[in-house]
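Heads up, the thing below is written out as structure tokens.
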Amino acid sequence: MRILLATDAWSPQINGVVRTYQRLQAELKRMGCELAVLGPGSFRCVPCPSYPEIGLAIPNLKLCADLIEAAQPDAIHIATEGPVGWMARRYCTQRRLPFTSSFHTRFADYISARWPIPEALVYALQRRFHQRSAGVMVATHSLAADLSARGFQRLMPWTRGVDTELFRPRAARLFGDGPVFLYVGRVAVEKNIEAFLALDLPGVKVVVGDGPQLGELRERYSDVIFTGVREGEGLAECYASGDVFVFPSLTDTFGMVMLEAMASGVPIAAFPAIGPKDLVTPGVSGVLSHDLGSAARSALSLDRAAVREAALAFTWQAAAKLFLSNIDSARANARGRGAPASLGVKLARPRSV
């Protein structure tokens, strides 16, 4: 089976969406399936406002159609609501072809943190994007409940996995004896990092990652260690060097970094928000509280072996199987509504609209 992934987030970007699909791609290959990528690198791009390191594709509908047809997919999955996602959506809807999609990013929260744009308007746009999808994959039950209340339909659960061989307990202490309170992720205003940095905590605070707010926070919090981007073994050693992983975000839909920390034996301190309340077992793998400082201090006493054990339930093999099951279910439901049984090898050009 060949699945076309249409996404505005792809390498060289470093974020949870990219890492999710890169790992999914590898896992599907082991299962005899191919995930072909239609990403921003296939188009001319312009810098994203407030994120100049991210390129936004300049829409080219003919090129998009040619690339999709050249891929000869059996199914199409649209990961993002950016220019690539909208082009792929248009391609499918004009040809009355079924597609699945994912809800990865609460853009309403991200945008409202930067510009005075009503959240309801952004959610309405995202709802319109996904309303033609045969199945909208979401990472957590709490996110599904939130989106359902906002009028999103045909929601399907799709959890994530974690590389428990790379992210594991180690003897590394890169930042001293501690206690070490760690954050890993994009350094941007929507991540609410200052809620962590402003806490009165013993030991040292460490921020691993890059982003548009890095320079400002480095200047304002001279007592914090900012490492910049770390990947692979270097990232794994950063995780293992932490005593508590502090996750201050109120806008994430999942939080893969929490799973990576847990796999490293590092307990979580977070707000009881979408993502943490689905992944963290209070008193076992972390502490959730509206008082983030109290949660961070309390998490120091948790059993690191039990934290690691909680992460072992999240495997990429299970995530890949669920992804394929969702696609099969969505296509079956679409056939029941009169959509084609398969995309076929040769995809017809659209009728005039």
Worksheet item: How many of the residues making up the stretch 52-72 are open to solvent by 30 Å² or more (accessible area, probe 1.4 Å), over 25 Å from the mean Cα position of the chain (by Cα) and either more than 24 Å from Thr20 (Cα to Cα) or aromatic (Phe, Trp, Tyr) (or both)?
Response: 7
Worksheet item: If Leu259 satisfies every condition in (1) closer than 23 Å to Ala139 by Cα; (2) touching a residue at least 24 places away in the same chain (Cβ under 8 Å); (3) surrounded by fewer than 19 Cβ atoms within 10 Å (Cβ to Cβ); (4) touching a Leu at 6+ places or on another chain (Cβ under 9 Å) but one, which is the exception?
Response: (3)
Worksheet item: Considering the stretch 269-298 alone, what residues qualify as being touching a residue at least 24 places away in the same chain (Cβ under 8 Å), of a type in the set (Ser, Thr, Tyr) and open to solvent by 30 Å² or more (accessible area, probe 1.4 Å)?
Response: Thr281, Ser298
Fill in: Verdict on Phe247 being within 30 Å of Asp74 (Cβ to Cβ), under 18 Å from the mean Cα position of the chain (by Cα), aromatic (Phe, Trp, Tyr) and at pLDDT 95 or above
no
Item to complete: For the stretch 211-229, state whether one or more residues are modelled with pLDDT of 95 or more and within 23 Å of Gly283 (Cα to Cα).
Response: no
Worksheet item: Restricting the first residue to the stretch 28-53 and requiring it to be without any contact (Cβ under 8 Å) to a residue 60 or more places away in the chain, which pairs with a second residue that is of a type in the set (Val, Ile, Thr) and open to solvent by 30 Å² or more (accessible area, probe 1.4 Å) meet a Cβ separation below 9 Å and a spacing of at least six or different chains?
Response: Pro40/Ile54; Phe43/Ile58; Arg44/Ile58; Cys45/Ile54; Cys45/Ile58; Val46/Ile58; Pro47/Ile54; Cys48/Ile54
Item to complete: Can you give me the ranges of the strands (runs of 3 or more DSSP E) entirely in the stretch 119-223 with at least 3 residues that are open to solvent by less than 20 Å² (accessible area, probe 1.4 Å) and touching an Asp or Glu at 6+ places or on another chain (Cβ under 8 Å)?
Response: 180-184
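If the requirement is being open to solvent by 30 Å² or more (accessible area, probe 1.4 Å), at positive phi and either modelled with pLDDT under 95 or of a type in the set (A, V, I, L, M, F, W, C) (or both), which of these qualifies: Arg96, Arg114?
None of the other options fit; the residue is Arg96.
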Discussion item. Quick test for you: out of Arg154, Arg186, Arg150, Arg168, pick the one residue that is of a type outside the set (Asp, Glu) and in contact with a helix residue (DSSP H, G or I) (Cβ under 6 Å, 6 or more places away or on another chain).
Written reply: Arg150
Worksheet entry | Residue identified as open to solvent by 60 Å² or more (accessible area, probe 1.4 Å) and either under 30 Å from Glu260 (Cβ atoms) or in contact with a Cys (Cβ under 8 Å, 6 or more places away or on another chain) (or both) among Arg44, Arg30 | Arg30
Worksheet entry | Selected residue (only one of Pro49, Pro83 is more than 13 Å from Leu5 (Cα to Cα) and open to solvent by less than 50 Å² (accessible area, probe 1.4 Å)) | Pro83
Worksheet entry | Selection count where residues are out of contact with any strand residue (DSSP E or B) (no Cβ under 7 Å at 6 or more places or on another chain) and outside any strand (DSSP E or B), scope the stretch 34-72 | 16
Practice prompt. Examine the stretch 336-347 for a residue that is surrounded by fewer than 19 Cβ atoms within 10 Å (Cβ to Cβ), part of a helix (DSSP H, G or I) and either under 19 Å from the mean Cα position of the chain (by Cα) or modelled with pLDDT of 75 or more (or both), and state whether such a residue exists.
Written response: no
Practice prompt. Give the stretch 43-86 a look and list any residue that's touching a His at 6+ places or on another chain (Cβ under 9 Å) and of a type outside the set (Val, Ile, Thr), or say none.
Written response: Ala79, Glu81
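The values are calculated or read from the model by the stated rules, or taken from the named source; none is laboratory data. Keep in mind it's a predicted model, so treat the numbers as computed, not measured. FYI the Cβ positions are ideal-geometry reconstructions off the backbone, even for glycines, and counts take in every protein chain you see. Side chains are part of the model used for accessible areas, which takes the heavy atoms of the whole protein and leaves out ligands, DNA and RNA. Shrake-Rupley method; radii C 1.70, N 1.55, O 1.52, S 1.80 Å.
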